[in-house]
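Q: Could you have a look at this structure, given as C-alpha cells, before my questions?
The values are calculated or read from the model by the stated rules, or taken from the named source; none is laboratory data. These numbers were taken from a predicted model, which means no experiment stands behind them. Positions of Cβ are backbone-derived with ideal geometry, glycine not excepted, and every protein chain shown enters the neighbour counts.
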Amino acid sequence: MKRSTALLCGLVAVVVLAAFAPAASANPPVIMQKTSSLTTVLTGACAFPITVDATMTETDRFFSDQNGVLTRANADVTEQDSFGANGKSLTGIPYSFSLHAVFDSSGAITQLYADGVVERVPLPDGSVFQSAGQVNFGAQGFPDFSVTPNAGSSRNLAGFCAALAS
C-alpha cells in the first residue's frame, strides 16, 4: 500500500512539474532605477497648449516570457512637473504613481496606464489643482502627458487653466 501511494505521489509530482515547467522557466524581471526628465506640450486640458517640464525618479520592472520576449513592464514613479503658458508658470508638488505597460509579440505597447496621483499643483489663489485615479493612455490616444484621469477625479482644472491663461 505504501509503495503504490509513493508511486502515485511520484506520478502526480511529475505531472505537476511538466504542467508548470513553462511558467516556471519565465525569466525573472529585470529591475532598473533611473532619473529622467522630459519636456512636452500638453494639449486638451485647457483651451491653449501648455509646456510641461517633468522630472521623474523611478524603479522599472521588465517582465519577459520563457523565450525572452518582453511582455509587460511596471514602474513605481515619483514625479514633479512645471507648467508654462502665456508667460506664466506653475510648479507642481512631487507625487507618486504606478505605471503599467503591456507589449505585443513585436514589442509594441498595446496597453499603458497609470494609477495613483495624476497631478498636484498649488495655484496662486491658494487653491490646488489635483487629479487622482487611473489614466488609460491608450483610451486617450497615447499622449505624451495627461493631467486628467479616465477613472477618478480632477479637482479645480478650471483654476489651473485660469492661472496659466493670458
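Q: Sort out which residues of region 93-114 are over 17 Å from P29 (Cβ atoms) and either of a type in the set (D, E) or crowded, with 19+ Cβ neighbours inside 10 Å (or both), and write them in order of number.
A: Within region 93-114, Y95, F97, D104, Y113, A114 qualify.
Q: Moving on to the next point. How many of the residues making up region 95-136 are of a type outside the set (S, T, Y), touching a residue at least 12 places away in the same chain (Cβ under 8 Å) and under 21 Å from D65 (Cβ atoms)?
A: Of all residues in region 95-136, those of a type outside the set (S, T, Y) come to 97, 99-104, 107-109, 111-112, 114-126, 128-130, 132-136.
Next cut, touching a residue at least 12 places away in the same chain (Cβ under 8 Å) only: 97, 99-103, 107, 109, 111-112, 114-125, 128-130, 132-136.
Filter once more, so that each one left must be under 21 Å from D65 (Cβ atoms): 99-103, 107, 109, 111-112.
Residues meeting the conditions: 9.
Q: Among what's in region 137-166 and is in a strand (DSSP E or B) and in contact (Cβ under 8 Å) with a residue 24 or more places away in the chain, pick the residue that is farthest from the chain's Cα centre (by Cα). Reasoning before the result, please.
A: If we filter region 137-166 for residues that are in a strand (DSSP E or B), which is where we start, we get 151-155.
Subsequent filtering for residues that are in contact (Cβ under 8 Å) with a residue 24 or more places away in the chain retains 152, 154-155.
Numbers: G152: 15, S154: 18, R155: 21 Å.
Only one residue fits best here, namely R155.
Q: Check whether at least one residue in region 54-69 is surrounded by fewer than 16 Cβ atoms within 10 Å (Cβ to Cβ), over 18 Å from S37 (Cβ atoms), at pLDDT 95 or above and not basic (K, R), and report yes or no.
A: Among the residues of region 54-69, not one is surrounded by fewer than 16 Cβ atoms within 10 Å (Cβ to Cβ), over 18 Å from S37 (Cβ atoms), at pLDDT 95 or above and not basic (K, R), which makes the answer no.
Q: List pairs: first residue in region 47-68 and within 18 Å of G92 (Cβ to Cβ) and without any contact (Cβ under 8 Å) to a residue 60 or more places away in the chain, second residue among the acidic types (D, E) and buried (at least 17 other Cβ atoms within 10 Å of the Cβ) anywhere in the structure, Cβ distance under 6 angstrom, at least six positions apart or on different chains.
A: M56/E79
Q: Moving on. For region 118-127, check the following and say yes or no: at least one residue is touching a strand residue (DSSP E or B) at 6+ places or on another chain (Cβ under 8 Å), buried (at least 16 other Cβ atoms within 10 Å of the Cβ) and closer than 21 Å to I31 by Cα.
A: no
Q: For region 119-142, state whether one or more residues are among the aromatic types (F, W, Y), out of contact with any helix residue (DSSP H, G or I) (no Cβ under 7 Å at 6 or more places or on another chain) and more than 17 Å from L157 (Cβ to Cβ). I'd like the intermediate steps shown before the answer.
A: Of all residues in region 119-142, those among the aromatic types (F, W, Y) come to 129, 137, 142.
When the remaining residues are screened for being out of contact with any helix residue (DSSP H, G or I) (no Cβ under 7 Å at 6 or more places or on another chain), the result is 137, 142.
Then keep just the ones that are more than 17 Å from L157 (Cβ to Cβ); that gives 137, 142.
Scanning region 119-142 turns up at least one residue that is among the aromatic types (F, W, Y), out of contact with any helix residue (DSSP H, G or I) (no Cβ under 7 Å at 6 or more places or on another chain) and more than 17 Å from L157 (Cβ to Cβ).
Q: Going by the structure shown, is S154 hydroxyl-bearing (S, T, Y) and within 27 Å of V69 (Cα to Cα)?
A: Numbers: hydroxyl-bearing (S, T, Y): yes; within 27 Å of V69 (Cα to Cα): no.
Judged against the criteria, S154 is not a match.
Q: Same structure, new question: Kindly indicate the residue of region 132-166 that is polar (S, T, N, Q) and more than 15 Å from L42 (Cα to Cα) and also modelled with the highest pLDDT among those meeting that condition. Full working, then the answer.
A: Of all residues in region 132-166, those polar (S, T, N, Q) come to 134, 136, 140, 146, 148, 150, 153-154, 156, 166.
When the remaining residues are screened for being more than 15 Å from L42 (Cα to Cα), the result is 134, 136, 150, 153-154, 156, 166.
On the way: Q134: 94, N136: 93, N150: 91, S153: 92, S154: 92, N156: 97, S166: 76.
For region 132-166, the residue satisfying everything is N156.
Q: Identify the residue in region 79-92 that is of a type outside the set (G, A, S) and surrounded by 15 or more Cβ atoms within 10 Å (Cβ to Cβ) and, among all such residues, is nearest to V30 (Cα to Cα). Steps first, please.
A: We begin by selecting, within region 79-92, every residue of a type outside the set (G, A, S); these are 79-81, 83, 86, 88, 90-91.
Next, only the ones that are surrounded by 15 or more Cβ atoms within 10 Å (Cβ to Cβ) stay: 79-81, 83, 90.
Working: E79: 22, Q80: 25, D81: 27, F83: 33, L90: 36 Å.
Within region 79-92, the match that is nearest to V30 (Cα to Cα) is E79.
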